[in-house]
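Written out below as structure tokens is the structure these notes cover.
The values are calculated or read from the model by the stated rules, or taken from the named source; none is laboratory data. Nothing here was measured: the structure is a model prediction, and the numbers come from that model. Ideal geometry is used to build each Cβ from the backbone, glycine not excepted, and the neighbour counts take in all protein chains shown. Quick note on the areas: whole protein, heavy atoms, side chains included, nothing else; ligands and nucleic acids left out. Shrake-Rupley method; radii C 1.70, N 1.55, O 1.52, S 1.80 Å.
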Amino acid sequence: MNRRRTLPVLTILACVLTSTSVLAASPGNDPAALAKIRDAAMQSDYAWERMADMTDLIGPRLSGSPGAAAAVTQVAEAMRKLGAKVTLQPVKVPHWVRGQETGELVEYSGRPDGITQRVVLTALGGSGATPAAGLTAPVLVVKSFDELKARSKEVKGRIVLFDVAFDQHQADRGLAGQAYGQASAYRRDGPRMAAEMGAVGALVRSVGGASYRLPHTGSTGLQDNARIPAAAVTAEDAMLMSRLAKRGPLSMRLVLTPRTLPDADSYNVIADLPGTEKPDEIVIVSGHLDSWDLATGAHDDAAGVASAMAVLETLKKLDYRPRRTIRMIAWMNEENGTRGARGYLAAEQANAEKHIGAIESDNGAGRPFGLRTSVPANMTKLFAPLQAALQPIGAGVLQRQDALSTGDLSGLERAGVPSFAPLIDTSSYFDYHHTPADTLDKVDPDHLRRHVALMAATTWFLANIEQPIGRANVPER
């Protein structure tokens, strides 16, 4: 008799324990849960392993290349292994292919007989081509757009060099993004302006620090109807050319043979961890899959993609199931077109209100100190529990801006989706950015773990927060 009465009690107890187990798998934003996510990420090398796979096994991943296609497959397979719902979102991307690239100073005042000097350079994305045998032309050195305009009558038939230095002093003081923005304007707009004035070629001083005679590539604003040859020269060679130009006339032989091929088929890789209560509401965590072709794109941006992948791995390992859907996106074509981001925005524009927040890591893998965000100012107080959870790893800072304008999230941000990005020490990031030196060995594994901890805790927090965090309100330009 007692046994008969005991069995139902045991059955009820088992049901209670099972129910408790399910609840424990979805602990919301309990401080202990945030701490557990942080600690699990700090004890894992999953992101490092995925980044090594991407950089060591594939290498460069410029849009339209076999490397980019291989990276799509690699990331998709890794996400399927985690049990995520994987979607390959089609996108047409630019297909620009680097060719031969040489530069040589052939005439200058005081040149000894038989002497020429090699210039270390690399073609800029979207550059036009010289004849196969190259072209030889006088060089006009300018230090600003204002000087270019003032000397516009001298531009026709010349190669224009924009000798504008990257401000490392700014970078050393936490203003690397501003320093990059100031100098990269000459890479983006300088060749186009020179072409409009009749230049036969354009050179820009490499945008970056650590002058080890490394050329830094990047995209330009050149258009199809005026695609002149355009290259980045090393800081040392830009300074040399400036000094020689002060002595007298300077001429250069330039060979650049890139090709712009028809747009190629590619994909954004989307991996969803479906929400349990509000599956139609989305939190994005992301990085961009493509890289420039000079190196393996470890900092820019294999680290960002691998960290985003590791967010899903961390939560799956803990069996934590979010209230809202967590969407990992490996964006395609950030570097020379942002076609992936634009394609996603076009597909999701009507659904923008359902995107609660979006995270992107695309400033390298330096030590993170917290978050940057474009949430409304009156909502920052909601993030105090997240800041407290991240403080033990030195990542508790919350820095608010009206707009982050990160490459792949800027369209979503303008549509009202608050953006988030790791607040990173970028003082040395532009030493490697877009150069042959952006390789796996430049990434500190401990810093990478901190990135994952920061991004995983933030993603989980956004996916489970009860209060609305508001919408981004990007000022009109």
Practice problem: Give the distance, in whole Å, between the Cα centre of the range 324-363 and the Cα centre of the range 430-457. | Solution: 21 Å
Quiz item: What residues qualify as long-range amide H neighbours of Val120, i.e. H under 5 Å apart, gap of 5 or more or another chain, H built at 1.01 Å from N?
Solution: Thr234
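Ignoring ligands, DNA and RNA, please state the percent of accessible area on the range 221-267 from carbon and sulfur, probe 1.4 Å.
48 percent
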Quiz prompt | Along principal axes, Cα extents of the range 297-389, largest first, whole Å | solution = 38, 34, 31
Quiz item: [x] 1.25; [y] 1.06; [z] 1.11: which one is Cα Rg over 2.2 N^0.38 Å as calculated from this entry?
Solution: [z]
Quiz item: Can you give the accessible area of Asp402, probe radius 1.4 Å, in Å² rounded to 10?
Solution: 80 Å²
Exercise. Quick one: which residues, 5 or more positions from Leu423 or on another chain, have an amide H under 5 Å from its amide H? H modelled 1.01 Å from N in the peptide plane, none for Pro or chain starts.
Key: Phe369, Gly370, Leu371, Arg372
Quiz item: With labels modelled as points extended 7 Å from the Cα through the Cβ direction, what inter-label distance (nm, one decimal) is found for Met42 paired with Ala350?
Solution: 4.6 nm
Quiz item: Could you give the length gained on full extension between Arg243 and Ala384, defined as 0.36 nm per residue of separation minus the Cα-Cα distance, in nm?
Solution: 45.3 nm
Exercise. Would you please name the GluC sites (Glu not before Pro) within the range 375-477 that are DSSP coil residues with at most 14 other C-beta atoms within 10 Å of their C-beta?
Key: Glu466, Glu476
Quiz item: Which ³J(HN,Hα) values, rounded to whole Hz and listed in residue order, are derived for the range 396-409 from phi using the Karplus coefficients 6.51, -1.76 and 1.60 in 6.51 cos²θ - 1.76 cosθ + 1.60 with θ = phi - 60°, glycine and proline given as x?
Solution: x, 6, 10, 10, 9, 10, 5, 8, 7, 6, 5, x, 8, 9
Quiz prompt | Between the range 377-407 and the range 143-217, the alpha-carbon center distance in angstrom | solution = 34 Å
Self-check item: Under the Karplus curve 6.51 cos²θ - 1.76 cosθ + 1.60, θ = phi - 60°, whole-Hz ³J(HN,Hα) for the range 94-100, x wherever Gly or Pro sits
Solution: x, 10, 10, 10, 6, x, 6
Exercise. Would you mind calculating the relative contact order of the chain from Cα pairs under 8 angstrom and at least 6 residues apart, reporting the percent as a whole number?
Key: 22 percent
Exercise. Would you kindly find the accessible area of Asp172, with a 1.4 Å probe and non-protein molecules such as ligands, DNA and RNA excluded, rounding to the nearest 10 Å²?
Key: 90 Å²
Self-check item: Solvent exposure of the range 104-166 as accessible area per residue, Å², 1.4 Å probe
Solution: 48 Å²
Quiz item: Tell me which aspartates and glutamates have Cα within less than 13 Å of Lys36's Cα, excluding those fewer than 8 residues away on the same chain?
Solution: Asp319
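What FRET efficiency, computed as 1/(1 + (r/R0)^6) with R0 = 25 Å and r the Cβ-Cβ distance, is obtained for Gln182 and Tyr212, rounded to the nearest 0.05?
Working: r = 21 Å, r/R0 = 0.86.
Computed FRET efficiency for Gln182 and Tyr212 comes out at 0.70.
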Quiz item: Using a 1.4 angstrom probe and counting only protein chains, how large is the accessible area of Ile58 in Å², to 10?
Solution: 40 Å²
Quiz prompt | His288 long-range amide H proximity, modeled H, under 5 Å | solution = Val305, Trp331
Quiz item: Counting DSSP beta bridges with both partners in the chain, what percentage is antiparallel, nearest 5?
Solution: 55 percent
Quiz item: Taking K and R as +1 and D and E as -1, what net charge do the other residues with C-beta under 13 Å from the C-beta of Ser109 add up to?
Solution: +3
Practice problem: Working from the alpha-carbon coordinates of the range 287-341, get Rg over Rh, Rh being the Kirkwood radius. | Solution: 1.08
Exercise. Enumerate the calculated ³J(HN,Hα) couplings along the range 208-214 in order (Karplus 6.51 cos²θ - 1.76 cosθ + 1.60, θ = phi - 60°), each rounded to whole Hz, writing x wherever the residue is Gly or Pro.
Key: x, x, 6, 6, 10, 6, 9
Self-check item: Net charge contributed by nearby residues that have their C-beta within less than 11 Å of Glu360 (K/R +1, D/E -1)
Solution: -4
Quiz item: Averaged per residue, what accessible area in Å² does the range 210-336 show with a 1.4 Å probe, protein chains only?
Solution: 32 Å²
